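Below: the structure, in structure tokens.
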Amino acid sequence: MLKNLEQLILSGNFKEAEALYHEMDFQQFDDEIIVSAYDNRNMIYYTFLHYLIMKKETAELHNLAFSLCVHALTPVEGAYHCALYHAQRAIELTNEEDVGDLELILFLYEVPDQVVSDEKALETCHKILALEPSNEIAKSLLKKLQRRMK
């Protein structure tokens, strides 16, 4: 199925690729998109995800677009900024109640492009800890931020 999905996307046949997407388990689709994007280093995968998001916007698709940007497409100028957009949309779609989505902001705080401010990271740490007081990622970054902002 990987080769078929890959060929459909690379040829721009999004309607057939979408039909295949609807037949697949989302995790399998996620894995295949990431692997194919690593193999081909082609923006068409991002374009296909955008096509799917325009048809039915979901936090899952935004999370996949985020992953694509921060992994396979990192060498592309602006990839982290695109990832930030997708993280923010996923957070909005889950009403700021999904810790995993909120953690995406903390990940982007630590990337070299500095796409997330200290203030936004601090605010996000507090949101995460309100939902999950034992969250080690937020607790660790919160300590770091408090030392940095003194």
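The values are calculated or read from the model by the stated rules, or taken from the named source; none is laboratory data. What you see is a predicted model; the values in this text were computed from it and never measured. Glycine gets a Cβ as well: all are built from the backbone with ideal geometry, and neighbour counts include every protein chain shown. Note: areas computed on protein heavy atoms with side chains; ligands, DNA, RNA excluded. Shrake-Rupley method; radii C 1.70, N 1.55, O 1.52, S 1.80 Å.
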Scan segment 3-47 residue by residue and report those that are more than 19 Å from the chain's Cα centre (by Cα) and open to solvent by less than 40 Å² (accessible area, probe 1.4 Å). L5, E6, L8, I9, F14, A17, E18, L20, M24
Of all the residues that make up segment 67-80, how many are hydrophobic (A, V, I, L, M, F, W, C), open to solvent by 10 Å² or more (accessible area, probe 1.4 Å) and under 16 Å from E103 (Cβ atoms)? 1
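Restricting segment 133-150 to residues that are out of contact with any Leu (no Cβ under 9 Å at 6 or more places or on another chain) and outside any helix (DSSP H, G or I), which is most open to solvent (accessible area, probe 1.4 Å)?
Top of the filtered list is K150.
Could you say which residue among E57, E92 is part of a loop (DSSP other than H, G, I, E, B) and either small (G, A, S) or within 27 Å of A121 (Cα to Cα) (or both)?
Exactly one residue qualifies, and that residue is E57.
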Among residues of segment 101-115 being touching a residue at least 24 places away in the same chain (Cβ under 8 Å) and either among the hydroxyl-bearing types (S, T, Y) or part of a helix (DSSP H, G or I) (or both), the residue farthest from L64 (Cα to Cα) is Y109
So which pairs qualify, if the first residue must be in segment 17-41 and hydroxyl-bearing (S, T, Y), the second must be open to solvent by 50 Å² or more (accessible area, probe 1.4 Å), the Cβ gap must be under 8 Å, and the two must be at least 6 apart or on different chains? S36/L2; Y38/H71
Considering only residues that are closer than 19 Å to M24 by Cβ and hydroxyl-bearing (S, T, Y), look in segment 48-87 and name the one that is nearest to the chain's Cα centre (by Cα). S67
Per-region count, segment 97-132, residues aliphatic (A, V, I, L, M) and open to solvent by 50 Å² or more (accessible area, probe 1.4 Å): 2
Determine whether segment 81-89 contains at least one residue that is in a helix (DSSP H, G or I), at negative phi, modelled with pLDDT of 95 or more and open to solvent by 80 Å² or more (accessible area, probe 1.4 Å). yes
Quick one: is H50 open to solvent by 70 Å² or more (accessible area, probe 1.4 Å), at pLDDT 95 or above and touching an Asp or Glu at 6+ places or on another chain (Cβ under 8 Å)? no
